[in-house]
1. Select from the range B:99-118 the residues that are in a strand (DSSP E or B) and more than 9 Å from chain A (Cβ to nearest Cβ) and write down the one among them that is surrounded by the fewest Cβ atoms within 10 Å (Cβ to Cβ).
2. When the residues of the range B:125-165 are filtered to those that are facing chain A (nearest Cβ under 9 Å) and in contact with a Pro (Cβ under 7 Å, 6 or more places away or on another chain), which remaining residue is farthest from B:LEU84 (Cα to Cα)?
3. Tell me which helices (runs of 4 or more DSSP H) are completely within the range B:119-215 and hold 1 or more residues being farther than 30 Å from B:GLY243 by Cβ and not basic (Lys, Arg), or say none if there are none.
4. Within the range A:80-98, how many residues turn out to be part of a helix (DSSP H, G or I) and free of Cβ contacts under 8 Å to residues at least 60 places away in the same chain?
5. Could you tell me which residue of the range B:30-61 is surrounded by the most Cβ atoms within 10 Å (Cβ to Cβ), considering only residues that are in contact (Cβ under 8 Å) with a residue 24 or more places away in the chain and small (Gly, Ala, Ser)?
6. Identify all residues within the range A:14-38 that are out of contact with any Lys or Arg (no Cβ under 9 Å at 6 or more places or on another chain) and within 22 Å of B:ASP207 (Cα to Cα); write none if there are none.
7. Among the residues that make up the range B:30-46, is at least one of them farther than 22 Å from A:LEU124 by Cβ, part of a helix (DSSP H, G or I) and more than 7 Å from every other protein chain (Cβ to nearest Cβ)?
Protein chains: 2
Amino acid sequence: MPGEFDLIRRHFSRPAMHTALAGGDDAALVVPRPDMQLAVSTDMLVAGTHFFADTDPTDLGWKALAVNVSDLAAMGAEPRWAFLALALPAADDAWLAAFADGFYACAEAFGVDLAGGDTTRGPLNLCVTVVGEAPAGQAVTRAGARPGDELWVSGRPGRAALGLWALRDGLALSGEGRARCLAALHRPQPRVALGLALRGLASAMLDVSDGLIGDLGHILEGSRCGAQIETAALPLENLLDCGAPHDAALRALLSGGDDYELLFTATAARHADIAALADRLDLPLHCIGQLNDRPGEMLLRAADGSLQPPQMTGYDHFA
Amino acid sequence: MPGEFDLIRRHFSRPAMHTALAGGDDAALVVPRPDMQLAVSTDMLVAGTHFFADTDPTDLGWKALAVNVSDLAAMGAEPRWAFLALALPAADDAWLAAFADGFYACAEAFGVDLAGGDTTRGPLNLCVTVVGEAPAGQAVTRAGARPGDELWVSGRPGRAALGLWALRDGLALSGEGRARCLAALHRPQPRVALGLALRGLASAMLDVSDGLIGDLGHILEGSRCGAQIETAALPLENLLDCGAPHDAALRALLSGGDDYELLFTATAARHADIAALADRLDLPLHCIGQLNDRPGEMLLRAADGSLQPPQMTGYDHFA
């Protein structure tokens, strides 16, 4: 008959590295480094809405933290501390052990201390809050893009959506392609090194969680700009080579969420710097369009030069 | 068809007072004051476990923040920022408006900025994370009590439990008593002023959320002490005057949670200082016992001098 406190202690008590007081008191105590501002983000993941209830708990533990670390990366903040609140339908020891393994794997990969949390009974729900640090004034928001800035996206966006459609809707992919897409869905890689390197380079940035088009809309709104995307510049080959049909690939790239790639803007004068960064980080960075001074306008330019608005929007939990 | 982002904006967009960037970006940005350490606490409240699904949403909004602010009070930390993650079965405009009213009423009462959050669809679940500040090294933990220290509790502990039993089990109270006990249950008052005043006075402190006896156990464990409680010193009159029978009053006081009073220890040399604090804050503070050097031992001394262990323990969500 393990009680709440025993459960927490047993699975979530690995030593913290840079936390004055972790867990077990009314609050955790952390000491920010001098002259830092703090970036704080909270995400709630609900079974049936954000993940299948039978998702492998180790993957789920990784992802619950990774999507939050990604929010910090998108601000150019260094991840430092995490707080985990868990509602569980039952105290399942094996599930908690596996979940903790995935969570700590992500925490160790990105230098995050699990500093505190809460555990209770209820329908499966994971709420993670993360705190990161950035030198005062250097965080990158959504509001700094200017007309003329180039639009960039990192990595291989769209694979997570293909993985979801393969699982949920039976979308056919190649064997190896399916494995790559499921890995993108279950083990997203927050682009922390990229986010930190883009401080002082990117004018605006966010992570793509709800789809490239939908999230681009947030940059355009925050920065009062429009954008034109070059269809020919979209990194479709990373999806086609997984065996996805062209239409599914395009839709996954433009409207699929869950990849947690960074979408950012920078002046054209920094193009070469960003290309060099791609080499240094061994991470593809794609220049896919340009911003303009027509607030809210978003157009795709096709290979034949024609312009049209995108047909898909991001995922909205209450639409 | 209001979308997720519209809902959040409409109800949770009151201006922040001391937040560099609140809401609407990947993360909020906050700037701690110099030489402060941060206290961070997360609590998850689940319908059916922590509150009735039909609880008045204004009360629920107050309480969701109040229980977290109370955790900061219990560290002697000044509440500064809150982050709210909400899972809702449906986007209910009237419910959200009322909930936001209660939440902001508590935020304004205690100087807290709602700096960020998340909203999603799912079984009703509220996860609040709060961040407070204390001068480095001055936060009060559970680990500093010493044998000989006096044990104190604030306010009128037990009323919230009586209110719960009145609602759930039909416990009969006087008309006015019932109203007082329901107010204690629905609108707990975090003891922030007391918590701040006890920095440098209290040797250990926590807030009573799971019952006085159960929570005292956490101080004894953290401080490696035992304790003897004087039954005659327990503030039973605050429960008896609500019309509660003696047995229910004693049980509510010792094992009822949800009052969020502060339980703390201090050397006997500070007794007069603490009594003076009660006057200054116009808040009853009761010296109910003393700590000793028998780790883990907890005994109640009855009026006839006999000693016995308490018969009730705190509430455990997974027991």
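1. Looking at residues that are in a strand (DSSP E or B) and more than 9 Å from chain A (Cβ to nearest Cβ), I get B:ASP113.
2. Applying the filter and picking the extreme gives B:GLY132.
3. Working: elements: B:159-169, B:175-186, B:192-197.
Once the helices (runs of 4 or more DSSP H) in the range B:119-215 are filtered for at least 1 residues that are farther than 30 Å from B:GLY243 by Cβ and not basic (Lys, Arg), what remains is B:192-197.
4. 3
5. Taking the range B:30-61 first, the residues in contact (Cβ under 8 Å) with a residue 24 or more places away in the chain are B:30, B:32-33, B:35-47, B:49, B:52-53, B:55-61.
Okay, now just the ones that are also small (Gly, Ala, Ser), so B:39, B:41, B:47, B:53, B:61.
On the way: B:ALA39: 31, B:SER41: 27, B:ALA47: 19, B:ALA53: 11, B:GLY61: 26.
Among them, the one singled out is B:ALA39.
6. Matches in the range A:14-38: A:ALA20, A:LEU21, A:ALA22, A:ALA27, A:ALA28, A:LEU29.
7. Within the range B:30-46 (the criterion being farther than 22 Å from A:LEU124 by Cβ, part of a helix (DSSP H, G or I) and more than 7 Å from every other protein chain (Cβ to nearest Cβ)), the answer is no, since none of the residues qualifies.
Each row is one residue, and each column tells you yes or no for (1) modelled with pLDDT of 95 or more; (2) touching a Pro at 6+ places or on another chain (Cβ under 8 Å); (3) under 25 Å from A:PRO190 (Cα atoms).
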{"site": "A:ALA266", "(1), (2), (3)": "yes, no, yes"}
{"site": "A:ALA269", "(1), (2), (3)": "yes, no, no"}
{"site": "A:ALA275", "(1), (2), (3)": "yes, no, yes"}
{"site": "A:ASP282", "(1), (2), (3)": "yes, no, yes"}
{"site": "A:ASN292", "(1), (2), (3)": "yes, yes, no"}
{"site": "A:LEU300", "(1), (2), (3)": "yes, yes, no"}
{"site": "A:PRO309", "(1), (2), (3)": "no, no, no"}
{"site": "A:TYR315", "(1), (2), (3)": "no, no, yes"}
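The values are calculated or read from the model by the stated rules, or taken from the named source; none is laboratory data. All values reported here derive from a predicted model rather than from experimental measurement. Every residue, glycine as well, gets a Cβ built from its backbone with ideal geometry; the counts of neighbours run over all protein chains shown.
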